[in-house]
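Below is one structure, written out as structure tokens, with a few remarks after it.
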Amino acid sequence: GPPQGSRATRVQAAGARGRAADDLVALAIVAVVTAVGLPLRAWVSVADQAMLYVLGVLFAASRLSRRATIVAALASVAALDFCFVPPYFTFAVADARYLITFAVLLVTALVVSRFTVRIRAQAAAAREREQRTAALYQATRELADARDVDAIATVGAAHVGVMSGGGAIVAFLPRPDGALRAVTDRGSFLATDPKELAVAAWVHANGRPAGRGTDTLPGAQGSYLPIVGTGRPLGVLGLEVPFARPFLRQLAETIVAQTGVALERAGLSAAAETARVTVETERMRSTLLSTVSHDLRTPLASITGAAGAILSAGEGMDEATRRRVDELWPRLGIRL
């Protein structure tokens, strides 16, 4: 939301100082153009001098804000009238034709400065898009190379830390019991302060950003972003320094989303590996049982056949064979 209270006063004061500095620079540019043109006043016409002022306005538009560019255009018209239109060093105009020159200078300066400011804004937007694309490409490639969840969280935290511009960044991942553990920057107050840990736990439980710079728990010292997978939270990223510009926060949220996808992929890979090991274990056990049963089937069949033959012989066996059979039954565990 918009700044409030003393913070709003500081932001407004900083903005006012910046605008005043730009206005002073714009006036300085007009003064430099005037200083260059005064020695040439006897050899150049008013129209030529007006072109010099247009050049100064263009320079101001390429470096300063639109407000400062308008200040430069108005100051250029005033300086042209004061220093280069007879009678000199007065704002009186001896010839009404010069009013057309002033109007053309002002309109030309304003139109050209508008297009220059627009082109500069487009160039800045193009640089932001290029930075966003390069950062996303780099983050996606490193997240794809990382295998375990700690490495993935570390890579995501490193890239989001670049977006924040400084300060520690702590990646939290859940333990089996549901509590959060710090993966990076374990010595930061974000990972040790109970109040900050409580905010991180709230973010993990609710899947929503919280902390400084948000409308939820803004009294926290850190800013926390949830790492969310398919409908469930997978971790939290805590930052000491909030994002300086909105597009950096958007880029960081995109990287956090990519981190969530990578963490979910790692979890699915681990589950698939566990299932594969379970299947292989069951297969090996079945193979062992089949092998053992096959190896025992033939001897058991032979023993059963021999026992049946002995029992069928009955009283027809001689005394020596009978004694031998009586000694063999207990060894085989057979009771008659």
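The values are calculated or read from the model by the stated rules, or taken from the named source; none is laboratory data. None of these values were measured; they are calculated from a predicted model. When we count neighbours, we look across all protein chains shown, and the Cβ atoms used for this are built from the backbone with ideal geometry, even at glycine. In case anyone asks, the SASA skips ligands and DNA or RNA and just uses the protein heavy atoms, side chains included. Shrake-Rupley method; radii C 1.70, N 1.55, O 1.52, S 1.80 Å.
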Using a Förster distance of 25 Å, the FRET efficiency for ALA28-MET51 (Cβ separation, nearest 0.05): 0.80
- prompt: At a 1.4 Å probe, what is the % contribution of carbon and sulfur to the accessible area of region 92-188?
  reply: 61
message: Let me cross-check TYR98: its accessible surface, 1.4 Å probe, with only protein heavy atoms counted, in Å² to the nearest 10?
response: 50
Convex hull of Cα atoms in region 106-161, direction-averaged projection (nm²): 4.3
PHE115 accessible area, assembled protein chains, probe 1.4 Å, Å²: 100
Under 11 Å, Cβ to Cβ, from GLN221 - net charge with Lys/Arg +1 and Asp/Glu -1: -1
field: VAL93-GLN221 pseudo-label distance in nm [points 7 Å out on the Cα-to-Cβ vector]
entry: 6.4
query: When the Kirkwood hydrodynamic radius is evaluated over all pairs of different C-alpha atoms of region 112-208, what value in angstrom, to one decimal, is obtained?
result: 16.0
query: ALA257 versus VAL104, label points 7 Å from Cα toward the beta carbon: distance in nm?
result: 5.4
statement: Given a Förster distance of 51 Å, the FRET efficiency implied by the Cβ-Cβ spacing of LEU136 and LEU74, rounded to the nearest 0.05, works out to 0.70
- request: Would you calculate the volume per residue, in Å³, of the smallest convex hull containing every Cα atom of region 177-287?
  value: 120
- line: On the formula 1/(1 + (r/R0)^6), with r taken between the Cβ atoms of LEU38 and ALA125 and R0 of 41 Å, the FRET efficiency rounded to 0.05 is 0.55
message: On a full-extension model of 0.36 nm per residue, what is the gain between ASN206 and ARG283, subtracting their alpha-carbon distance, rounded to one decimal in nm?
response: 23.5 nm
message: Can you give me the % of accessible surface on region 230-285 that is carbon or sulfur? Probe 1.4 Å, all protein chains present, nothing else counted.
response: 61
- prompt: Roughly how many nanometres apart are two label points built 7 Å out from the Cα toward the Cβ at ALA20 and VAL111?
  reply: 3.6
task: Based on alpha-carbon positions alone, could you give the equivalent ellipsoid semi-axes of region 32-88 from the gyration tensor, as √(5λ), descending, whole Å?
output: 21, 11, 8
- request: Amide H neighbours of ARG212 under 5 Å, at least 5 residues apart or on other chains, H built in the peptide plane: list them.
  value: ALA220, GLY222, SER223, TYR224
